[in-house]
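Visitor: Sending over a structure as structure tokens; questions will come in a sec.
The values are calculated or read from the model by the stated rules, or taken from the named source; none is laboratory data. Please read all numbers here as calculations on a predicted model, not as lab measurements. Cβ placement follows ideal geometry from the backbone for every residue including glycine, while neighbour counts extend to all protein chains displayed.
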Amino acid sequence: MIEAKALSKSFNDQMVLKGLTLTVSPGEIFCVLGSNGAGKTTAIHIFLGFIEPTQGKAFINGQDVSADPVGARKHVAYIPEKVALYPELTGYENLKFFTELSGRFPDHNELLGCLSDAGLSQDDIHKRAAQYSKGMQQKVGIACAVAKDADALLLDEPLAGLDPQAANEFCELLDERRDRKGAILMATHDLFRAREIGDRIGILQAGHLVEVIDAKSVSGQQLEAIYLEHMQTAAGERT
Amino acid sequence: MRQALVKLELLRLRKSPVALAVLLFTLLASLYAVWSGVIWREHHSAILSQHEARVDAAMEKWRQTLIAFEKDGVKPPPFFDARPGAIEKSMALGAAPLSHLAIGNTELLPTRLNVSPARDHITMVELYGFENPTVLAHGRFDLSFFLVFVLPLLLIGLSFDVIATDRTRGTLHLLLSYPVSLGKIIAARLLTRTGLLLLLAGLSTCIGIAFSGSAGLVPGALWLLVFLAYSLFWVSAIFFVVSFVKRSEVAVGSLVSLWVLVTLALPALANSAAEGLYPQPSKLAYLSDARTAKNEAWKHKDALTRQFLDDHPELSVGQGMENEYFRAMYFTNKMVLEKTAPIVAALDDSNRRRSELLDTLQFVSPAIIAQRAFFRVAGSDFDTTQRFTREGIDALSALNNELETAILSSTRISVEEYHKLPDFKFEHARSNSVLADILFPVLFLLITSVFLVIFGFAGNRK
Amino acid sequence: MSAAVIVSKEALVSRRNSKVIALYLSVVFVMLAAIAVGVNRTNNFEAERAAAAQRDRDIWNDQGPRNAHKAAHFARYAFKPIPTLSSFDPGSIDYAGQAVWLVAHVQNPAEFRYAEGQGDLARFVTLSPAWVMQYIVPLVLILLLFGAYAGEREDGTLRQAMTHGAAPGVLFRGKLASASLSLLSLLLPISLFVLVAVFVFDKGASQSDLSLRLVGLFFTYGVYFAIYALLAIGVSALCSSRRTAAICLFVMWCMMTVLAPRFAADVAVTATPHPNGVDALKTIQDIRFGYMNNPEAQEQRKAEFLERYGVTKVEDAPVDFRSDFLLATEEYGNPLFDEYYAKIADRYHAQERSMQLLSVFSPTIPTINLSSGLAGADRYHHADFIAGAEENRRVTIRQLNEDLLYKGGKNAILYESDINLWRTIRDYPATMPSLGEFFPQYLKMFGILLLWAGAAFLFARWAAYRACNLEAVK
């Protein structure tokens, strides 16, 4: 479970996040839409314990992140826009390293299972990561999340730069995670994918969560209209 | 276009604290090197004058005794006074005009000789070697060190990323959309950056040369020639490397490796090779030979004297102890000279062969070429110090020839004869012979540079 | 546990990197070449010394009958013993005289410096294992470690590792442990080569002293490498890209290993110039003729002489007063020589102090000093040789002059001694001083190194934590 209670964050007197409150339950995908600088990444970083909120609290599985950031990170998996892997190591070795780093020591077969579940073909598992495409790297990232057996998943623009087929595969993997009762928070620009995969969609604008929409209750066009409307009001406020 | 590139580069340099730091360091370090050399030279020259003054004073006293004796004629001075066997002439390896720019071997090898029939070729070398070995082993931070070792590093530091940052930032494509080739862009930038640095190093060099006044003009020009050729080699090497290597950390790694190879590894290997091919004849064995000769001479001095007097009965004088003194000394020294002649020749030969080997071996590394040429121009090279010692031995023989008859017959020479005795001055090599020595190696540096530039352009076209 | 995970990952990454393997092999190759050169040189030097010492004995015995004081002017030589470990670190032995003439009246400086015959290449590097350790290994460490943090920051893997719950401390310990591992993998084979070389070619030095020196060298270089490894990790953590890290570290390497020692030596000699040779000669001559030019001392000595033999005129004594005069000149000169050479030694100390002061800028400076000292090839060991030689000179000259005094009769000038006396003159013993004699000095240098190591550790730790915090908020 991912939970935010009145999270605020300011850098040098500038509020980037203003009283964010949200809960992502197990088995739910929550997509956060927003323009650049809306505070999506800041929110994710607070959940990861990378930065301290100015006000409010963030919880992973009911555990206060600021109280024990390293401990909280054991229950959360993070997939950034670009999954960073050691180019000298194979996908398997990367997975093994990161998993062991988080304190779990699964056996060989389990790790292989994670990679094949993530959709990495048998041939690719033992190739060096230097030869991986972006999609393959994302798959290893998913495998890391799976192997870590994390209850919460934080995704920051995971689809950016993926070709449509890879993006589709990725979304299928997310679906699977949801079915296994994972709580997933995904920041994205992609309205189409957000509606397709998300259970709920939040629109973040200048640090405010201005609207939360049930994804199944709107069509793609409606979502786009709502989103643009918020963006225009924001532009209007600025001028 | 080229002008624009140069202007942009100058602007970028002005705004880069790292570049400014490198330039400042260049100026300060090279000025320090010149200053340290000047201090050393003053110290060294003062010692040489002191030596000359001491010998001159002793000889003046000797001469005055002789003059007094010639005047009175009646009352002879004590036996040992004003004897030809005690004549001593100083000979010094004086500082060449640019010696403060390359201290080289003059710090290590003897520079003061006392030419006298009372000495042999070992004892004629005035006591030396009082230096702290720890300090000596480290070597000096003089201008030759700065130019040979430090300058290439500074050139690398200033210009290894002359193009790599554009490659990583993506501005390279933008630049190339203008009608100018990559090679020309790199060349223009490289020349702007390194040109500024070389200008500063050149400024210090010129200040250093100016310390020698007009005597430094011609050697100064030769020094600048070597400086330019060596710098050009490094600039072309940098051009070559950055033309082929795309990433800046790889470029800096390759260039530093090249520096290690050229200034450290190859000379070390050349040194080991030279020592392996022509090992130094043991100086200790040489010493033992000289002492054996001395022993022999001592044992046979009576026989030698007798034989000499058989040949020259006109020179026979009383066999008193005093008469014996100078004669025995002279015979001993002469015998030591004769007996050690083969090993002296062997030493000379080995030095000559090592020098010849180095004439070839120097082409292995531009650093060896540059340093040798700098030493040669500054007159602090090994060959010059060897020539000094050789000329010292020749001077000793010449003086002995002049005085032999008088010493063996235990007579004094006249003041007039004394004045006719030769003085021994060591002359540094003339600039045209120095030029002849360094010309080919310097040309080699220039040709290497041209090839590096050509290959660099070829690399850029890919 | 997590640190161990990092170590095994780093090891795997290095094994995969062909450049690392090539680097490792080339260091080992250069090291072997250096050991071969070093052992060969040391053996040659030792052979030359042994031959010269033997010939000196023969020449001395073979001088035939002659006046003992005349023999004191021919005199003998003391040849400097070559330390076994100079094959590892020749230190300054090329620049220190190999022989001292033990002649009557005068304490001479050591002569015949090997570097004098080396020619123009002498000013470049002489290949030796210590040189590889002092200059090349730090460069290799930099090449191995410049990406330690900077690379992971650039690639984003540092961040990735942190999201998997790796705390900054765990990462730092992991990096440190793997750096130590690569350090050991360099140091151990090198130590092994050195050990084999030393014990195979050893010419009967004291084993316990040798072992102590080797242990000292092992720790010195262990700390020295650790300093560079820590600095590399620290700088790497300060930089956000491999490029800046590589450049900063190369600059540091050039400054600290290549320039600093040479600059320090130059500053030392500019601040405190070499002893003036002409002054030295004059002083030595003054001391030599000091007794002759000092009538008061002569009068006093004469009174003592008369009293000793219970006579009123020197001619009445059973021995030649002139022989006593010769003994007196030596006794008069010896303390003056001690005083003068102590003054020169003060000069050396001043120079070395200046150099040591500049250790603030470079750990290489104390390492060079410490290493050559432990190898027995520094000025302290040279000074020990000089002192031993001088001791031998005094004993020898005294023995010769006394022979003249006690056996020469009333007209000692005409008395000739022979092989029976020459045989009793002892050889210079050529023993190596034990390390213990210089311990305080070396301890001080080692202290400086430890300070450097401590500072480097704190710096690296600070930079590593900073890097993790920076990555977190990026």
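Visitor: For B:GLN50, only one of the following conditions fails: (1) farther than 30 Å from B:LEU109 by Cβ; (2) within 14 Å of chain C (Cβ to nearest Cβ). What is its number?
Guide: B:GLN50 satisfies all of (1) farther than 30 Å from B:LEU109 by Cβ; (2) within 14 Å of chain C (Cβ to nearest Cβ) except (1).
Visitor: May I ask you to list the residues in segment B:338-385 that are more than 9 Å from chain C (Cβ to nearest Cβ), farther than 21 Å from B:LEU445 by Cβ and free of Cβ contacts under 8 Å to residues at least 60 places away in the same chain?
Guide: B:GLU338, B:LYS339, B:ALA341, B:PRO342, B:ALA345, B:ASP348, B:ASP349, B:ARG352
Visitor: If you scan segment B:79-95, which residues turn out to be buried (at least 24 other Cβ atoms within 10 Å of the Cβ) and under 18 Å from the mean Cα position of the chain (by Cα)?
Guide: B:MET91, B:LEU93
Visitor: If I filter segment C:112-121 down to residues being within 7 Å of chain B (Cβ to nearest Cβ) and out of contact with any helix residue (DSSP H, G or I) (no Cβ under 6 Å at 6 or more places or on another chain), which single residue comes out as farthest from B:VAL364 (Cα to Cα)?
Guide: C:GLU116
Visitor: To continue, here is another question. Output the number of residues of segment C:57-111 satisfying the condition of being out of contact with any Asp or Glu (no Cβ under 8 Å at 6 or more places or on another chain), aliphatic (A, V, I, L, M) and within 12 Å of chain B (Cβ to nearest Cβ).
Guide: 9
Visitor: Quick check on segment A:41-52: of everything there that is more than 8 Å from chain C (Cβ to nearest Cβ) and under 13 Å from the mean Cα position of the chain (by Cα), which residue is surrounded by the fewest Cβ atoms within 10 Å (Cβ to Cβ)?
Guide: Per the criteria, the residue is A:THR41.
Visitor: Taking segment B:430-459 only, how many residues are crowded, with 17+ Cβ neighbours inside 10 Å and over 25 Å from B:PRO219 (Cβ atoms)?
Guide: Total meeting the criteria: 5.
Visitor: For segment B:257-305, which positions are among the aromatic types (Phe, Trp, Tyr) and more than 8 Å from every other protein chain (Cβ to nearest Cβ)?
Guide: Correct list: B:TRP259, B:TYR278, B:TYR286.
Visitor: With the condition kept exactly as written, say whether any residue in segment C:342-361 is surrounded by fewer than 24 Cβ atoms within 10 Å (Cβ to Cβ), among the hydroxyl-bearing types (Ser, Thr, Tyr) and more than 12 Å from chain B (Cβ to nearest Cβ).
Guide: yes
Visitor: Which residue is surrounded by the fewest Cβ atoms within 10 Å (Cβ to Cβ), if the candidates are limited to segment A:53-66 and must be out of contact with any helix residue (DSSP H, G or I) (no Cβ under 6 Å at 6 or more places or on another chain) and modelled with pLDDT of 85 or more?
Guide: A:GLN55
Visitor: On the given criteria, is C:TYR135 surrounded by 24 or more Cβ atoms within 10 Å (Cβ to Cβ), within 9 Å of chain B (Cβ to nearest Cβ) and farther than 30 Å from B:HIS300 by Cβ?
Guide: No.
Visitor: Continuing with the same structure: Is it true that some residue in segment B:232-249 is within 9 Å of another protein chain (Cβ to nearest Cβ), in a helix (DSSP H, G or I) and of a type in the set (Val, Ile, Thr)?
Guide: No, segment B:232-249 has no match at all.
Visitor: Continuing with this model, one more query. Among the residues that make up segment C:434-447, is at least one of them among the hydrophobic types (A, V, I, L, M, F, W, C) and without any contact (Cβ under 8 Å) to a residue 24 or more places away in the chain?
Guide: Yes, some residue in segment C:434-447 is among the hydrophobic types (A, V, I, L, M, F, W, C) and without any contact (Cβ under 8 Å) to a residue 24 or more places away in the chain.
Visitor: Taking the criterion of being surrounded by 14 or more Cβ atoms within 10 Å (Cβ to Cβ), modelled with pLDDT under 95, among the β-branched types (Val, Ile, Thr) and within 30 Å of C:ALA268 (Cβ to Cβ), would at least one residue in segment B:50-69 satisfy it?
Guide: Taking every residue of segment B:50-69 in turn, none turns out to be surrounded by 14 or more Cβ atoms within 10 Å (Cβ to Cβ), modelled with pLDDT under 95, among the β-branched types (Val, Ile, Thr) and within 30 Å of C:ALA268 (Cβ to Cβ).
Visitor: Output yes when any residue across segment C:16-24 is facing another protein chain (nearest Cβ under 9 Å), surrounded by fewer than 20 Cβ atoms within 10 Å (Cβ to Cβ) and at pLDDT below 85, and no when none is.
Guide: There is at least one residue in segment C:16-24 that is facing another protein chain (nearest Cβ under 9 Å), surrounded by fewer than 20 Cβ atoms within 10 Å (Cβ to Cβ) and at pLDDT below 85.
Visitor: Here's something else I'd like to know. Can you tell me which of B:GLU417, B:GLU427, B:GLU402 is part of a helix (DSSP H, G or I) and either surrounded by fewer than 16 Cβ atoms within 10 Å (Cβ to Cβ) or in contact with a strand residue (DSSP E or B) (Cβ under 9 Å, 6 or more places away or on another chain) (or both)?
Guide: It is B:GLU417.
Visitor: If you don't mind, there's one more thing I want to ask. Would you call A:SER116 without any contact (Cβ under 8 Å) to a residue 12 or more places away in the chain and either of a type in the set (Lys, Arg) or over 28 Å from C:SER14 (Cβ atoms) (or both)?
Guide: Yes.
Visitor: Given the criteria surrounded by fewer than 17 Cβ atoms within 10 Å (Cβ to Cβ) and modelled with pLDDT of 90 or more, does C:ALA47 qualify?
Guide: So C:ALA47 passes the test.
Visitor: Moving on. Identify all residues within segment C:215-247 that are free of Cβ contacts under 8 Å to residues at least 24 places away in the same chain and surrounded by fewer than 21 Cβ atoms within 10 Å (Cβ to Cβ); write none if there are none.
Guide: Across segment C:215-247, the qualifying residue is only C:VAL215.
Visitor: Kindly provide the set of residues from segment C:62-92 that are closer than 22 Å to C:GLU391 by Cβ and assigned to a helix (DSSP H, G or I), ordered by number.
Guide: Hits for segment C:62-92 are C:ALA68, C:HIS69, C:ALA71, C:ALA72, C:HIS73, C:PHE74.
Visitor: Here is a follow-up. Go through segment C:106-123 residue by residue and tally those that are of a type outside the set (D, E, K, R) and buried (at least 24 other Cβ atoms within 10 Å of the Cβ).
Guide: 2
Visitor: Would you pick out the residues in segment C:120-138 that are at pLDDT 85 or above, of a type in the set (S, T, N, Q) and part of a loop (DSSP other than H, G, I, E, B)?
Guide: C:SER128
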